[in-house]
Amino acid sequence: MSVGVLALQGDFREHADVLRSLGSEVTLVRRPEELASVTGLVIPGGESSVMDKLTRMFGLADPLRAAVERGMPVYGTCAGLIMLADTVLDGISGQQSIGGLDISVRRNAFGSQTASFETDLDVPALGNAPVHAVFIRAPVVESVGPRATALATIADGRCVAVEQGNLLGTSFHPEITGEYRFHEYFLQKVQTAGFGA
Ligand code: GLN
């Protein structure tokens, strides 16, 4: 059994590399048959409006929703976090998400590409060492509903990492900084869930 990375658009190769270096077999997911064969899924960073259109075009949106409802572990970074949010603010006209996370997320909350930045975050769930986080046209979690839990906030108090059962999401990109703890945390969920076994 292997872990999937949604590979329609965005930095899926970087996620696949991190997962492989942690000992996982990886399937790049582009079709419903591939989704049906994996024990968990990473949704990469990229452009959520494009990813939304492609998941619908490739017939993956409804199977993905069903998998999330059945408890498949899913980790979304940046655009992937937007895909997992129940409510998307500042989406393009008609933009949909897969949903599952009881949060509302605002796209491009820090402005344009030039407003990208890096910072160190405290993430108690991952231990004491800070997480170096890179934000690229990143979303922010504007509100966290009762079913979701904030895992990290930036200095001004805004939430940038959340968890809800088997779902995990970050506004930033651990896959490009050599930070593997979020992927390890996700793989623990995959192991515990035993999804598709
Ligand atoms: N701004 C992008 C979006 O709306 C996300 C950027 C990213 O994934 N780095 O999807």
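The values are calculated or read from the model by the stated rules, or taken from the named source; none is laboratory data. Just so you know, these numbers come straight off a predicted model, no measurement behind them. Using ideal geometry, Cβ is built from the backbone for each residue, glycine included, and neighbour counts are taken over all protein chains shown. Accessible surface is based on the protein model in full, side chains and every heavy atom, while ligands, DNA and RNA are left aside. Shrake-Rupley method; radii C 1.70, N 1.55, O 1.52, S 1.80 Å.
Q96 sits among other residues whose Cβ lies under 15 Å from its own Cβ, and their net charge, with Lys and Arg +1 and Asp and Glu -1, is -1.
In whole percent, how big is the carbon plus sulfur part of the accessible area of the chain, probe 1.4 Å, protein atoms only? For the chain, the apolar C and S fraction of the accessible surface comes to 49 percent. Using C-alpha pairs under 8 Å with a sequence gap of at least 6, the mean separation divided by the residue count of the stretch 1-89 gives a relative contact order of 32 percent.
Computed from the C-beta positions of E33 and Q191, the FRET efficiency with R₀ = 25 Å rounds to 0.60.
Candidates G127, G169, S116 compared by Cα position along the dipole of the chain: farthest toward the positive end lies G169, with charges placed on Cβ. A helix-only calculation puts the chain at -7500 deg cm²/dmol for mean residue ellipticity at 222 nm, using -39500 (n - 2.57) for each DSSP H run of at least four residues, averaged over all residues.
Note on T149/E118: beta-carbon distance plugged into 1/(1 + (r/R0)^6) with R0 of 25 Å gives a FRET efficiency of 0.55. The shape of the stretch 1-122 comes out oblate: with a ≥ b ≥ c from the C-alpha gyration tensor, a/c is at least 1.5 while a/b does not beat b/c.
Loop-located chymotrypsin sites (Phe, Trp or Tyr not before Pro) in the stretch 1-87 (DSSP state not H, G, I, E or B) with no more than 14 neighbouring Cβ atoms inside 10 Å do not occur.
For the stretch 71-197, what D do you get in µm² per second when you plug the Kirkwood radius from alpha-carbon pairs into Stokes-Einstein at 4 °C and 1.567 mPa s?
Translational diffusion coefficient: 89 µm²/s.
A simple charge model with +1 on the Cβ of Lys and Arg, -1 on the Cβ of Asp and Glu and nothing else charged puts the dipole of the chain at about 400 debye relative to its Cα centre.
Averaged per residue, what accessible area in Å² does the chain show with a 1.4 Å probe, protein chains only?
42
The charge dipole of the stretch 80-151, taken about the Cα centre with unit charges on the Cβ atoms of Lys, Arg (+1) and Asp, Glu (-1), comes to about 180 debye, rounded to the nearest 20.
When you restrict to C-alpha pairs under 8 Å that are six or more residues apart and normalise by the size of the chain, the relative contact order lands at 20 percent. Taking other residues whose beta carbon is less than 11 angstrom from the beta carbon of V42, and scoring Lys, Arg as +1 and Asp, Glu as -1, yields -3. Taking 7 Å steps out from each Cα toward its Cβ at R181 and D62 produces label points 4.1 nm apart. Given +1 at the Cβ of Lys and Arg, -1 at the Cβ of Asp and Glu and no other charges, the dipole of the stretch 1-40 around its Cα centre is 60 debye to the nearest 20.
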